[in-house]
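For reference, the structure is listed below as structure tokens.
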Amino acid sequence: TSIATLYSKKDSFKGKQVKIRGEVVKFSPDIMNRNWVHLQDGTRDSDHYDLTVTTKDVVKPGDVVTFSGIVSLNKDFGAGYVYEIVIEDAKLEK
């Protein structure tokens, strides 16, 4: 699934498992007991081209990776972490 497709058809993905492939542009480890990954895949829907993924896996900026996880919409983690779309509890595909 592309980032553009996730944003343009977000309601149809709510609560479903998706597989997303992209380049890691930011990695923030161990915040609220999870790692936060920002992915970009070269696609966009309007101003949306970056997707946040939460995971226990460790990656680094520049890695091209594939994650599989559950889509959540309008997720508020508290402490200012609010996301229109986030892939939660994602697993790195080998």
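The values are calculated or read from the model by the stated rules, or taken from the named source; none is laboratory data. In this text, all values refer to a predicted model and were calculated from it rather than measured experimentally. FYI the Cβ positions are ideal-geometry reconstructions off the backbone, even for glycines, and counts take in every protein chain you see. These accessible areas exclude ligands, DNA and RNA; they are computed on the full protein's heavy atoms, side chains included. Shrake-Rupley method; radii C 1.70, N 1.55, O 1.52, S 1.80 Å.
Quick check on my filter: what residues within segment 35-55 are over 13 Å from the mean Cα position of the chain (by Cα) and over 15 Å from GLU23 (Cβ atoms)? Spell out the reasoning first.
Residues of segment 35-55 that are over 13 Å from the mean Cα position of the chain (by Cα), as a first pass: 42-47.
Correct list: ASP45, SER46, ASP47.
Select from segment 1-32 the residues that are surrounded by 15 or more Cβ atoms within 10 Å (Cβ to Cβ), part of a helix (DSSP H, G or I) and not polar (S, T, N, Q) and list them in ascending order.
If the condition is that a residue be surrounded by 15 or more Cβ atoms within 10 Å (Cβ to Cβ), part of a helix (DSSP H, G or I) and not polar (S, T, N, Q), then ILE3, ALA4, LEU6, TYR7, LYS10, PHE13 are the ones that fit.
Please name all residue pairs, on different chains or six or more residues apart, with Cβ atoms under 6 Å, provided the first residue is in segment 1-14 and is within 22 Å of VAL65 (Cα to Cα) and the second residue is open to solvent by 60 Å² or more (accessible area, probe 1.4 Å).
Note: pairs meeting the criteria are ALA4/ARG44.
Sort out which residues of segment 66-82 are more than 16 Å from THR1 (Cα to Cα), open to solvent by 40 Å² or more (accessible area, probe 1.4 Å) and either in a loop (DSSP other than H, G, I, E, B) or touching a residue at least 12 places away in the same chain (Cβ under 8 Å) (or both), and write them in order of number.
Once the filter is applied, which keeps residues that are more than 16 Å from THR1 (Cα to Cα), open to solvent by 40 Å² or more (accessible area, probe 1.4 Å) and either in a loop (DSSP other than H, G, I, E, B) or touching a residue at least 12 places away in the same chain (Cβ under 8 Å) (or both), segment 66-82 yields LYS75, ALA79, GLY80, TYR81.
Read through the list (1) surrounded by fewer than 16 Cβ atoms within 10 Å (Cβ to Cβ); (2) part of a loop (DSSP other than H, G, I, E, B), then give the number of the only condition that VAL59 fails.
(1)
With the condition kept exactly as written, say whether any residue in segment 52-66 is among the hydrophobic types (A, V, I, L, M, F, W, C) and touching a helix residue (DSSP H, G or I) at 6+ places or on another chain (Cβ under 9 Å).
Start the filter on segment 52-66 by keeping residues that are among the hydrophobic types (A, V, I, L, M, F, W, C), which leaves 53, 58-59, 64-65.
Cutting the leftovers down to touching a helix residue (DSSP H, G or I) at 6+ places or on another chain (Cβ under 9 Å) gives us none.
No: zero hits.
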